[in-house]
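Presented below is the structure to which this report refers.
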Amino acid sequence: MVSENMLEILACPACHSKLALVGDSWLICQNDACRRKYPIEDGIPVLLVEEGDKYVEVPVEELGK
Ligand SMILES: [Zn+2]
(Lines give C-alpha, C1' and ligand atoms only; values in the text may rest on other atoms or scores of the structure.)
Protein backbone atom coordinates (compact mmCIF):
# COMPACT_ATOMS: atom_id res chain seq x y z
CA MET A 1 0.00 0.00 0.00
CA VAL A 2 1.37 3.40 -0.98
CA SER A 3 0.18 6.12 1.37
CA GLU A 4 -0.46 9.76 0.57
CA ASN A 5 2.56 10.69 2.66
CA MET A 6 4.72 8.37 0.66
CA LEU A 7 3.39 9.86 -2.60
CA GLU A 8 4.50 13.29 -1.42
CA ILE A 9 8.13 12.26 -1.21
CA LEU A 10 8.25 10.06 -4.28
CA ALA A 11 9.34 11.55 -7.58
CA CYS A 12 9.95 10.24 -11.05
CA PRO A 13 13.60 9.10 -11.19
CA ALA A 14 13.86 10.32 -14.79
CA CYS A 15 12.50 13.88 -14.58
CA HIS A 16 11.79 14.36 -10.85
CA SER A 17 8.16 15.29 -11.43
CA LYS A 18 5.37 14.27 -9.11
CA LEU A 19 3.81 10.84 -9.44
CA ALA A 20 0.14 9.95 -9.36
CA LEU A 21 -1.10 6.71 -7.88
CA VAL A 22 -3.36 4.66 -10.14
CA GLY A 23 -5.16 1.82 -8.44
CA ASP A 24 -2.71 0.34 -5.99
CA SER A 25 -0.44 -0.91 -8.71
CA TRP A 26 1.01 2.00 -10.67
CA LEU A 27 2.73 5.31 -10.22
CA ILE A 28 2.36 7.60 -13.21
CA CYS A 29 4.69 10.49 -13.89
CA GLN A 30 2.72 13.75 -14.14
CA ASN A 31 5.10 15.29 -16.65
CA ASP A 32 3.43 15.04 -20.09
CA ALA A 33 6.79 14.98 -21.80
CA CYS A 34 7.91 11.99 -19.73
CA ARG A 35 4.85 9.81 -19.06
CA ARG A 36 6.84 6.97 -17.59
CA LYS A 37 4.84 4.53 -15.49
CA TYR A 38 6.23 2.59 -12.60
CA PRO A 39 4.73 -0.64 -11.32
CA ILE A 40 4.22 -1.27 -7.63
CA GLU A 41 5.21 -4.82 -6.81
CA ASP A 42 4.21 -6.29 -3.46
CA GLY A 43 3.67 -2.76 -2.16
CA ILE A 44 7.12 -1.57 -3.24
CA PRO A 45 7.24 1.02 -6.04
CA VAL A 46 9.80 0.04 -8.67
CA LEU A 47 11.20 3.50 -9.37
CA LEU A 48 13.76 2.63 -12.00
CA VAL A 49 14.08 4.63 -15.23
CA GLU A 50 14.48 1.42 -17.26
CA GLU A 51 11.28 0.08 -15.74
CA GLY A 52 9.35 3.29 -16.43
CA ASP A 53 10.63 3.31 -20.02
CA LYS A 54 8.80 0.05 -20.75
CA TYR A 55 5.39 1.63 -20.21
CA VAL A 56 5.78 5.08 -21.79
CA GLU A 57 3.62 4.12 -24.77
CA VAL A 58 1.04 2.17 -22.77
CA PRO A 59 -2.16 4.14 -22.10
CA VAL A 60 -3.09 4.36 -18.42
CA GLU A 61 -6.35 2.45 -19.09
CA GLU A 62 -4.40 -0.50 -20.48
CA LEU A 63 -2.00 -0.94 -17.63
CA GLY A 64 -2.40 -4.29 -15.91
CA LYS A 65 -3.78 -4.22 -12.38
ZN1 LIG B 1 8.97 11.57 -15.32
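The values are calculated or read from the model by the stated rules, or taken from the named source; none is laboratory data. Since this is a predicted model, take the numbers as computed values, not measurements. Backbone-built Cβ (ideal geometry, glycine too); neighbour counts: all protein chains shown.
Residues in the range 13-26 that are of a type in the set (A, V, I, L, M, F, W, C), under 14 Å from GLU50 (Cα atoms) and in contact with a helix residue (DSSP H, G or I) (Cβ under 9 Å, 6 or more places away or on another chain): ALA14 alone.
Restricting the range 21-31 to residues that are out of contact with any Lys or Arg (no Cβ under 6 Å at 6 or more places or on another chain) and modelled with pLDDT of 95 or more leaves a set whose member that is surrounded by the most Cβ atoms within 10 Å (Cβ to Cβ) is LEU27.
Candidates in the range 15-42 are the residues that are of a type in the set (D, E, K, R) and more than 18 Å from GLU57 (Cβ to Cβ); of these, the one that is nearest to the ligand (Cβ to nearest atom) is LYS18.
Screening the candidates LYS54, LYS18, LYS37 for the property of being among the charged types (D, E, K, R) and in contact with a strand residue (DSSP E or B) (Cβ under 6 Å, 6 or more places away or on another chain) yields one hit, LYS37.
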